[in-house]
1. Indicate the gyration tensor shape class of the stretch 228-295 (rounded, prolate or oblate), computed on the Cα atoms with a ≥ b ≥ c the square roots of the eigenvalues: a/c under 1.5 is rounded; otherwise a/b larger than b/c is prolate and the rest oblate.
2. What relative contact order, as a whole-number percentage, does the chain give when Cα pairs under 8 Å and 6 or more residues apart are counted?
3. Sequence gap at least 6, Cα distance under 8 Å: using those rules, report the relative contact order of the stretch 2-112 to the nearest whole percent.
4. Please give the calculated 222 nm ellipticity per residue for the chain, where each DSSP H segment of at least 4 residues contributes -39500 (n - 2.57) and the sum is spread over every residue; nearest 500 deg cm²/dmol?
5. If you build a Gaussian network model of the chain, linking Cα atoms that sit under 10 Å apart, which residue out of L36, L255, L109 swings the most?
6. What ranking of T280, T77 emerges when the number of other C-beta atoms within 10 Å of each C-beta is taken as an exposure proxy, fewest first?
7. Given bins 5 angstrom wide, list per bin the percent of all Cα-Cα distances in the stretch 184-293, short to long.
8. Would you look at the GNM of the chain, springs on alpha carbons closer than 10 Å, and say which of Q39, Q72, Q114 moves the most?
Amino acid sequence: MLVIVNPTARLVGKVVQVGDVVQQLLEAGASPQVALTRQKGDARRLAAEAAQVGHERIVVAGGDGTVNEVIQEIAATPLELAVIPLGTGNVLGRYLGLRSGELGKASRLAVHGQASPIDLGVMGGRYFAGMAGAGLDAEIVDKISKPWKEVVGWLAFAGQAVQAILMEDAKDLRLTFEKESFAGPMWGVFVSNLPEYSYRLELSKNAHPDDGLLDFVILHDRGYGELLNFGLDTFVWGAPADDHHAATVVQGRYLRIEAEEPVKWQTDGEIMGETPVECTIEPDALQLVSKLPDE
C-alpha cells in the first residue's frame with residue numbers, strides 16, 4: 001500500500017505526528033511506502049503514480065481535501081482507498097465511524113479492512129465523495145479564515161456561516177433536475193452523497209453512498225429569520241432538512257445549476273468554479289475500505 005500523508009492537515013503536529021501514523025501502521029502489520037505532500041496537487045500526482053506502478057491500496061492520512069485529490073485519479077479503478085482522518089471536517093472518516101486523530105482503529109481498518117464500492121458525485125467534471133454545493137455553503141468555504149480554522153476547527157465554519165447569513169443575499173437560481181425544475185431566489189443548493197453533510201449537519205436522512213442517487217437540498221429564500229432558523233434546526237439540534245419548510249429535498253442523478261449572476265460552487269470543501277455547472281452521479285465508482293473482516 002501507499003500511504004499519502006498531508007503534513008499540513010489540522011491535527012498533524014498538534015495531536016499526532018507523522019511518525020505516529022507510520023508506527024501505528026507498522027504495528028497493524030503493514031510495510032507501507034510513505035509519501036508526504038508538500039503543496040496542492042501532490043496527493044493527486046502521487047495517486048496517479050501509485051496506479052501506474054500497481055499499488056492495490058492507497059491510505060490517505062489527512063483531511064477531506066486530500067481525499068478529494070486522490071479520488072480524482074482512482075475513481076472507476078480497482079485501487080482501494082482507506083482513510084486516516086486528520087483534517088477538520090473529516091466527513092468520509094466520520095461515515096466510517098473513525099474519530100479524528102484516532103490512529104489505532106483507523107490503522108487497523110486501513111491494513112486489514114475490506115473494500116466495498118460506493119457512489120461518487122461528479123460536479124463540473126470533479127469527483128466528490130461527501131458533498132458539494134453552490135451558493136451559501138460555497139461562500140462560507142471561500143471566505144473562511146484558514147488560521148482561525150486551524151485554531152478552532154469546525155467551529156470556524158459555524159462562525160463563518162453566521163457571518164454569511166448576515167452579509168450575503170439570496171441569489172436568483174434555476175435548478176433543472178431530471179423530471180422537475182425550480183427557479184427563484186434561493187440561498188443555494190447542497191448536494192449530499194453521505195448521510196452527514198459536514199460536522200453535525202445531517203441534511204438528508206435518506207442520503208446513502210450506495211443507492212445510485214444524490215440528495216439535493218434546495219434552501220429557498222424565506223427571509224433572514226428563516227435562514228437562521230434553518231441553521232439552528234439543522235446544525236444545533238440535528239434536524240434533517242427534509243423536515244424544514246424552507247427547504248426542498250430532491251433525490252436524483254442529475255442537476256444543472258444556473259444563476260443570473262454566477263455563484264461559486266465547491267466539492268468536498270474546496271472552491272472549484274462558478275455556475276453554470278452540472279452535477280451527476282457515478283455509481284460504485286470508488287472502492288472504499290469500510291469494514292474489518294470480523295464486523
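Nothing in this text is a laboratory measurement; each read-out follows from the coordinates by a stated rule. What you see is a predicted model, and the numbers here were worked out from it, not measured in a lab. Every residue, glycine among them, receives a Cβ derived from its backbone with ideal geometry; neighbour counts consider all protein chains shown.
1. Taking the square roots of the gyration eigenvalues as a ≥ b ≥ c, the stretch 228-295 is oblate.
2. Value for the chain: 21 percent.
3. Details: 183 pairs, mean separation 34.8, N = 111.
31 percent.
4. After summing the helix terms and dividing by residue count, I get -8000 deg cm²/dmol.
5. Of the options given, L36 has the highest mean-square fluctuation.
6. By the 10 Å Cβ count, ascending, the order reads T77, T280.
7. Here the calculated profile for the stretch 184-293 is 2, 11, 19, 22, 21, 14, 6, 2, 1, 0, 0.
8. For the chain, modelled as a Gaussian network with Cα springs under 10 Å, the answer is Q39.
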